[in-house]
Amino acid sequence: LIEGESGTGKEVVAHTLHDLSGRPGEKFVAVNCAALSSQLLESELFGHEKGAFTGAVAARKGRFELAEGGTLFLDEIGEMPFDLQPMFLRVLQESEICRVGDTRPRKVNFRLIAATNRDLAQEVAEGRFRMDLYYRISSMTLTVPPLRERTGDVSLLAHNIFAHLLEQHSGDQKRLSKPLLDLLEKHSWPGNIRELGNLITAAFFLSDREELGPEDLPKDFLAANLEGHEGEEVANPLDFAEKEVIIRSIREQGGNLTKVAKQLNIAKSTLYIKLKKYNIKRA
């Protein structure tokens, strides 16, 4: 049983467990229990015979049979309808299923990995999840911590996500700047890794510069992460972005302000005004 908030990467953990198991070459079959109604989930898991219900024009294997010899991943298992839970428990106990509309038992053999963003012990206490099923699936439990508790992981994950984007979309030599990574580390990440992935992806596609800085992040993200920071000289997101561009240019030009002004396409006198405004020290 893998526990953790939405977006923490529980399915990635499940895939890794499968790859490191004795069944890495076998199927990995995933089902989201929250995405289907009780009747549809039953048919999806158990399969059905021809004519079992309206629309069942042919017999079909369910996910239990499709995962034969491999791993079945049940995401959001806390959302499994209560009336389906005893049927699922029997599958785990007897290693056999009956398709919907059939009475003939069929043997199944799969490894189960389940995931939830709920407190299943609390769900049991409040009568929404069967105690016997909970004890059956929680013999080994892993908890994936939220991203806000994983100090230092944000930059590592950001680089990893960015590397995948570079690999998938040509070989552009784009890179993430330190100011951008520093800003990402300060965020609380309520959407966890999924939120980080979306942010990095948006910056990747919306910027045409080689080194991505804070100014390439969405304005609402900048506003939320700069607002109320004690000692921050620049409160306006656009000013913050401009400051970072100037600092980066100074670094690239080795502190030569004439070259910096030329690179930024502004007068040198304007550059001096901005240096004073943002309290930027010449490198």
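The values are calculated or read from the model by the stated rules, or taken from the named source; none is laboratory data. This is a predicted model, so every value here is computed, not measured. Quick reminder, even Gly has a Cβ in these numbers, built from the backbone with ideal geometry, and neighbours come from all protein chains shown. Only protein heavy atoms, including side chains, enter the accessible area calculation; ligands, DNA and RNA are left aside. Shrake-Rupley method; radii C 1.70, N 1.55, O 1.52, S 1.80 Å.
Structural remarks
- Contact order for the chain, expressed relative to its length and based on alpha carbon pairs under 8 Å spaced 6+ residues apart, stands at 17 percent.
- Solvent exposure, largest accessible area first (probe 1.4 Å, DNA, RNA and ligands not counted), of H187, H159: H159, H187
- Ranking by accessible area, most exposed first, for S269, S249, S95 with a 1.4 Å probe: S269, S95, S249
- Low-density loop positions, GluC sites (Glu not before Pro), region 91-145 - DSSP coil, at most 11 other Cβ in 10 Å: E126
- Relative to the Cα centre, the charge distribution of the chain, modelled as +1 at Lys and Arg Cβ and -1 at Asp and Glu Cβ, gives a dipole magnitude of about 840 debye.
- Amide H contacts for I280 (H built 1.01 Å from N in the peptide plane; partners 5 or more residues away or on another chain; cut-off under 5 Å): none found.
- The largest accessible area among D132, D220 belongs to the first residue in D220, D132, and the rest follow in falling order (1.4 Å probe, all chains).
- Rounded to the nearest 10 Å², the accessible area of L147 at probe 1.4 Å: 0
- Under 17 Å from the Cα of K281 - lysines, other chains or at least 8 residues apart: K243, K259, K268
- Using θ = phi - 60° and Karplus 6.51 cos²θ - 1.76 cosθ + 1.60, couplings along region 13-24 (whole Hz; Gly, Pro as x): 4, 4, 4, 5, 4, 5, 5, 8, 8, x, 10, x
- Per residue, in Å², the accessible surface of the chain once ligands and nucleic acids are set aside, probe 1.4 Å: 55
- Estimated 222 nm signal from helices in the chain, with DSSP H stretches of n ≥ 4 weighted -39500 (n - 2.57), rounded to 500: -13000 deg cm²/dmol
- Proximal lysines to K107, defined as alpha-carbon separation beneath 29 angstrom and excluding residues fewer than eight positions away on the same chain: K10, K27, K50, K61
- Within the accessible area of the chain (1.4 Å probe), percent carbon and sulfur: 51
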